[in-house]
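Please read the structure below before turning to the comments.
The values are calculated or read from the model by the stated rules, or taken from the named source; none is laboratory data. Keep in mind the model is a prediction, meaning the values are calculated, not measured. Methodologically, a virtual Cβ is constructed for each residue, glycine included, from the backbone with ideal geometry; neighbour enumeration extends over all protein chains shown.
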Amino acid sequence: MFAVLKTGGKQYKVQSGDILRVEKLAANAGETVQFNEILMVGSTVGAPTVEGAGVQAEVIEQIKGPKLIHFVKRRRKHSSQRKKGHRQQLTLLRVTDILEKGADKSGIKAAVGAASGVAVAAAAAPAPKKAAKKAAPKAEAKAEAPAGADDLKKLSGVGPKLEEKLNANGITTFAQIAAWTEADIAEFDEKLSFKGRIEREGWVEQAKELAK
């Protein structure tokens, strides 16, 4: 009797006694593993797998496949080339038994890929305890304006954010803005990314009126 099993993204048609090379499994030499993803066994075709069917196999050894050379060359102005070798990790098995049913109750270790086995172990490991986060003091919602400062929001186009920027650069009164020269206007336009807003909104003229 034969069966078609699936492992490592590939399908294999096997019979009892067959020697099989599959993608590396999380098992040691001498262990018996069981493949539970059976697509066909005898004349029974799965939909997509055959319920209760399994293929048992003994692990002979962990081996490597033949060396494969990967060579890339780019023929361009700035040409480059790269050469590297690769040997696929494989597991050598001997098929010992094909079960048409009852595989789910056999108690044999399921054949799991090496990468999947690592992921399962990591998931089963207890999560590290997170350090208790200290409650950070809440920042004040709004920085207080300096003593004696004017309400710069009275200028056209100035909101709380722009007022904070001006205060942070030492501009707190209408008198300071009223005294700006063309050089000062150009400096603040660039420093605070106002993009011509000072002249466009007429801040200097407004500040002169508000400073009276």
Of (1) under 30 Å from the mean Cα position of the chain (by Cα); (2) within 15 Å of V22 (Cβ to Cβ); (3) small (G, A, S), G85 fails just (2)
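Considering the stretch 61-82 alone, what residues qualify as being within 23 Å of R21 (Cβ to Cβ) and part of a strand (DSSP E or B)? Can you show your working first?
As a first pass, look at the stretch 61-82 and keep what is within 23 Å of R21 (Cβ to Cβ): 61-70.
Correct list: E61, Q62, I63, K64, L68, I69, H70.
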> Does the stretch 1-16 include one or more residues that are assigned by TED's automatic domain parsing to the domain that holds S106, free of Cβ contacts under 8 Å to residues at least 40 places away in the same chain, farther than 21 Å from A115 by Cβ and assigned to a loop (DSSP other than H, G, I, E, B)?
Replying inline: no
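Of the residues G52, G85, which is modelled with pLDDT under 95 and on the phi > 0 side of the Ramachandran plot? Please lay out each step first, then the result.
On the way: G85 fails: on the phi > 0 side of the Ramachandran plot.
Result of the check over G52, G85: G52.
Mind listing just one residue for me: the one in the stretch 163-212 that is part of a loop (DSSP other than H, G, I, E, B) and of a type in the set (F, W, Y) and, of those, modelled with the highest pLDDT? Step through it out loud before you land on a result.
To start, the set of residues in the stretch 163-212 that are part of a loop (DSSP other than H, G, I, E, B) comprises 169-173, 179-181, 192-196, 202, 211-212.
Still in the list and also of a type in the set (F, W, Y): 180, 194.
Working: W180: 82, F194: 75.
Selected residue: W180.
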All conditions in (1) free of Cβ contacts under 8 Å to residues at least 12 places away in the same chain; (2) assigned by TED's automatic domain parsing to the domain that holds T7 are true of K77 except (2)
